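Below is one structure; the comments refer to it alone.
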Amino acid sequence: MKKIMALVMAAMMLLVCCSALAEAPEGYPEIKEGMDLGGKDIYIYNYWDSADWTERLSGDLSDEQQAQVDYRHWIEQTYNCTIHEIMRGDWGTCAEEMTNFVATPENDKLAIFIIEPGKVGSLVANGMAAPIDYDTSAEKWNQADIALWSKGGQKYGLYTGASEPRQCLFFNKRILEEANIDWNTIYDAQKDGKWTWAMFEDLLKQVTVDKDNDGTYDVYGLIGSRDDMEVCAVFTNGGAFFDLDADNKLYPAMDSDATKEALTWATDTWTKYAAPTPEEANWDWYKEGWKQGYCAFYMYQTYGGFNDNSEMADMADEWGCVAFPVPKEGGTYYTINSDNITLIPSCYDAETVAKLAFIYDMWTNPTPGYEEDNWIGNKYNFTDERAVDETYAMLREPEHVAVNRVVVLGTQNDILGNQLLWALGGDNTAAALIEASMPDWQSRCDTYNNAEK
């Protein structure tokens, strides 16, 4: 009798599975035949979440969270797999983890790695990332990222959705008000295309003051990351560090008037108005310095203020945020592309790579029934509406995202740090530094261009 019941139950399960494959629930993506993953565990490895997605989405869930759980379980049931989304390595070691996985595949699982952008280039260049033959023409795919990580018409990296805004200028509302500056006028100028380098310099002059006449400034115009200011200046001025020629070959593009002019302006402006680095300070001393409230503008990245549990969460003064200014009225405001990129290890055959790309496609779809863009999250809790609705929203648009191709050669720090960005100032002019390092940059480009993927 037990054997008969077992056979009946097996037949019922087969009918359920056949029914599931025949038609997806309303609002779900169309089922794709031939995508059976053979009961495998699939790991989507990131470098920031120590808990698996089932742990993060458990307990008392909202309707949207429950809908997401239901959709993800449907993916697993429909395509015969169990999916994990969990941390492996951290910001500094995620690329090493992927390299180790390729060298010694863990055959009991299939893996996808999400890598921070500065380390993607080395993985692709060293053959750790598999070429991905998958249709990414749908609107959800970020074409700038896919193009950046393509070579010879072959895709190696994936990213969905709008690029995360990065570089921006925060401002301290109290300091501006004490200098009789209406901070809304900065938003107005940005909205009208008139937020320029000249206007920025004028504001820096007004706020940089020695209140007690002791020969030392009590309030400075600037603090933060000089690297970010230099890079933003280059791209807003129409310059670049590396670019592609007519034959789609990478070349060092920094020996241009636009790039050298921007680097010179950024260095001079920083020297005049930025708070000095304290003796024996750590490299990131400015994060606490900004919160102490003695600087008007903070050159940094959006996650420092807009994200949950951000570095600025305990800042006493209220802040606003605008894009980095442009050289002339009507120019394009830019933030620099710096998206985490999804790679598939090169230890898999083409069929497995295609299946993993498909699963990642399904996994990154909006939750059915909740198609609206929810990027705003809790951002209104941290700052004013104009920072969210005008600045952050604008910098999410593709036309405001500049691609710094230095990342295909390595990290910005490794390729441009000591040789250019950190060395600027005094006798170390942009022109002299570029001339001195051009042979090295050209050699790196030649190596990249001639490498077989």
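Bear in mind these aren't lab numbers, they're just calculated from the coordinates by the rules spelled out. From a predicted model like this one, the values you see are computed outputs, not experimental measurements. Virtual Cβ from ideal backbone geometry, glycine too; neighbours counted across all protein chains shown.
Length gain on complete extension for the stretch ALA179 to THR271, per 0.36 nm per residue less the alpha carbon to alpha carbon distance?
Result for the pair: 31.0 nm of gain on full extension.
Measure up LYS109/LYS151; LYS260/LYS328; LYS291/LYS379; LYS140/LYS355; LYS40/LYS355 against 21 Å on the Cα-Cα distance and list the ones that go over.
Pairs exceeding 21 Å: LYS109/LYS151.
Would you list, by chain and number, the aspartates and glutamates whose Cα falls below 13 Å from the Cα of LYS119, excluding same-chain residues fewer than 8 positions away?
By straight Cα distance, LYS119 reaches ASP90, GLU96, GLU97, ASP339, ASP414.
Among DSSP bridges having both ends in the chain, what percentage is antiparallel? Round to the nearest 5.
Percentage antiparallel, nearest 5: 55.
Using DSSP loop states and a limit of at most 15 other Cβ atoms within 10 Å to flag GluC sites (Glu not before Pro), what is the longest stretch of the chain containing no flagged site?
Between the exposed loop sites, the longest stretch runs 140-278.
Treating the angle as unsigned and between 0 and 90°, give the value, to the nearest 10°, between the Cα long axis of helix 257-273 and the longest Cα principal axis of the chain.
70 degrees
Relative to a virtual label point 7 Å from the Cα of ASP41 in the Cα→beta-carbon direction, which members of region 102-138 show backbone nitrogen distances below 20 Å?
Residues 102-114 fall inside that zone.
What aspartates and glutamates sit close enough to LYS32 to cross-link, taking a C-alpha to C-alpha distance under 16 Å and skipping anything fewer than 8 places away on the same chain?
The reachable aspartates and glutamates, counting only those whose Cα sits under 16 Å from LYS32, are GLU23, GLU76, ASP135, GLU351, ASP361.
Just want to confirm a number: the relative contact order over the chain, from Cα pairs under 8 angstrom separated by 6+ residues, in percent.
23 percent
Calculated FRET efficiency, ASP427 and LYS328, Cβ-Cβ r, R0 30 Å, to nearest 0.05?
Using R0 = 30 Å, I get an efficiency of 0.55.
Return the loop-located trypsin sites (Lys or Arg not before Pro) in region 187-260 (DSSP other than H, G, I, E, B) with at most 12 other Cβ atoms within 10 Å of their own Cβ; answer none if there are none.
When the trypsin sites (Lys or Arg not before Pro) of region 187-260 are filtered for loop state and at most 12 Cβ neighbours within 10 Å, LYS211 remain.
How far is helix 226-236 tilted, in degrees, relative to the longest principal axis of the Cα atoms in the chain, given as a value from 0 to 90 rounded to the nearest 10?
Orientation of helix 226-236: about 80 degrees from the principal axis.
What does the charge count near ASN365 come to, summing +1 for each Lys or Arg and -1 for each Asp or Glu among other residues with Cβ under 11 Å from its Cβ?
0
With r as the distance between the Cβ atoms of GLU435 and GLN206 and R0 = 41 Å, compute the FRET efficiency 1/(1 + (r/R0)^6) and round to 0.05.
0.65
Working from Cα positions, state the angle (0 to 90°, nearest 10) between the long axis of helix 350-363 and the longest principal axis of the chain.
70 degrees
Enumerate the aspartates and glutamates that LYS173 could reach by cross-link, defined here as Cα to Cα under 13 Å, with residues fewer than 8 away along the same chain left out.
ASP182, ASP317, GLU318, ASP384
Which FRET efficiency, nearest 0.05, do TYR294 and LEU61 yield, Cβ-Cβ r, R0 35 Å?
0.20
State the Cα centre-to-centre distance between region 354-412 and region 434-451 in whole Å.
Value for the Cα centre distance between the two parts: 32 Å.
Counting only the backbone N, which residues of region 106-143 are under 20 Å from the spot 7 Å out from the Cα of ASN374 toward its beta-carbon?
Once the point is set 7 Å along Cα→Cβ of ASN374, 140-141 turn out to lie under 20 Å by backbone N, inside region 106-143.
Just add up the charged neighbours of THR269: K/R +1, D/E -1, any other residue whose Cβ is under 12 Å from the Cβ of THR269.
The answer is -1.
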